1. Taking only region 276-302 into account, find how many residues are in a loop (DSSP other than H, G, I, E, B) and either of a type in the set (Phe, Trp, Tyr) or modelled with pLDDT under 85 (or both).
2. If you check Asp64 against the conditions, is it acidic (Asp, Glu), modelled with pLDDT of 90 or more and either closer than 16 Å to Leu28 by Cβ or part of a strand (DSSP E or B) (or both)?
3. Exactly one condition in (1) surrounded by fewer than 21 Cβ atoms within 10 Å (Cβ to Cβ); (2) touching a residue at least 40 places away in the same chain (Cβ under 8 Å); (3) in a strand (DSSP E or B) is false for Glu59; which is it?
4. Could you count how many residues in region 92-132 are among the aliphatic types (A, V, I, L, M), surrounded by fewer than 17 Cβ atoms within 10 Å (Cβ to Cβ) and outside any helix (DSSP H, G or I)?
5. Within region 149-258, which helices (runs of 4 or more DSSP H) (wholly inside it) include 1 or more residues that are touching a residue at least 12 places away in the same chain (Cβ under 8 Å), surrounded by 21 or more Cβ atoms within 10 Å (Cβ to Cβ) and touching a Cys at 6+ places or on another chain (Cβ under 8 Å)?
6. Quick check, is Gly118 farther than 24 Å from Arg141 by Cβ and of a type in the set (Gly, Ala, Ser)?
7. For region 287-295, indicate whether the set of residues that are closer than 15 Å to Leu170 by Cα, assigned by TED's automatic domain parsing to the domain that holds Arg204 and surrounded by fewer than 17 Cβ atoms within 10 Å (Cβ to Cβ) is non-empty.
Amino acid sequence: MSATSVSLASLGRAAVTLLVVSPEADRLEAARRAARSVLAASGAQASKIDRGVHPDVLEVTRIDGKDRVGIEQIRDVIRAAYLAPTEARHKLCLILQAEALTMEASNALLKTLEEPPGEFRFLLFTTDPSELLPTIVSRSRIVRCGAPPCGLAVDQLEASGYDRDTARWLQQLPLRQGEMDALAGSPRDVAGFLQEASRSRMERNVATLIEACGGEDPLARRQALLELLLRAQRRDPDLMTEGIRRLALWDRAAILVLLQDLQRVCFHLGRSIPPLPPSVDPLGHGVHQQVGPVALRRLCLALDSAHRGIAVYGPMEPILLCLLFHLGEDVHVH
């Protein structure tokens, strides 16, 4: 199961609405896979979801020949929302192109999100949350998709020559589209990179750190994100001043990706000890031990709240400052 599937499964039990940010391609397949995770479906139920015939899963998409999802489609969903599930624990609505909702449909949906029926869940899919009503985004938990399923990624990396533990470590990186294929196509000396990164880490100033957090190298990006967490822990004054100012200059979309990357790092370190030994990955083990699994899981929720705040409200600088102070408060040393 991928990290995204685990996130969907856990959030789906706690949140009424999940806003899934994913590419337009293969959206239906991704939505049905997400539905299986949220409903914990297997066997016959999973098969029904895959074929689009599960009685408790409603699929809403643009009607052939139309560019928008209209209010009548949403009214059908609202009527179904008040009927009890017949096979699954919850009823689930998949809106495959949430950005295509008309204003009337969006407002009608919003009323249901504000006062949702107890056993009904929504999964909204979009390429860009800013294209939705801010009030819909503010009532949603945001999950970003993109990495391939865990097992497939590890197998792909092992086939390229990485050992199993290194492949598992690479699979946990906050990856952009195409980066997994690049890592598989041109294998990296991961141990050598981490050892060199550990030696040079203390020489990095805040400007260089912030730049690396949004850099193009996924290995360097992961190390920069971990260093950001540790500096936030000790309330590094340069990070709280110059670092915040530099981050606030970023494009809003880049900031949202940064927060999602941090959330992915915290998610994996909160679930398990890093796959590589401390001698190879001292920074990863340092964050896992100093922050602790419970605090890392709480940080995931704080990052989610900051993500929604920036996506909907802004301005970015005070939200980022509050987030970094929260990171410092929530971290403890064992």
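The values are calculated or read from the model by the stated rules, or taken from the named source; none is laboratory data. Just so we're clear, the structure is a prediction, and the values are computed from it rather than from any experiment. Positions of Cβ are backbone-derived with ideal geometry, glycine not excepted, and every protein chain shown enters the neighbour counts.
1. 1
2. Spelling it out, it is not the case that Asp64 is acidic (Asp, Glu), modelled with pLDDT of 90 or more and either closer than 16 Å to Leu28 by Cβ or part of a strand (DSSP E or B) (or both).
3. Among (1) surrounded by fewer than 21 Cβ atoms within 10 Å (Cβ to Cβ); (2) touching a residue at least 40 places away in the same chain (Cβ under 8 Å); (3) in a strand (DSSP E or B), Glu59 violates only (2).
4. Count: 0.
5. 164-171, 218-233
6. It is false that Gly118 is farther than 24 Å from Arg141 by Cβ and of a type in the set (Gly, Ala, Ser).
7. no
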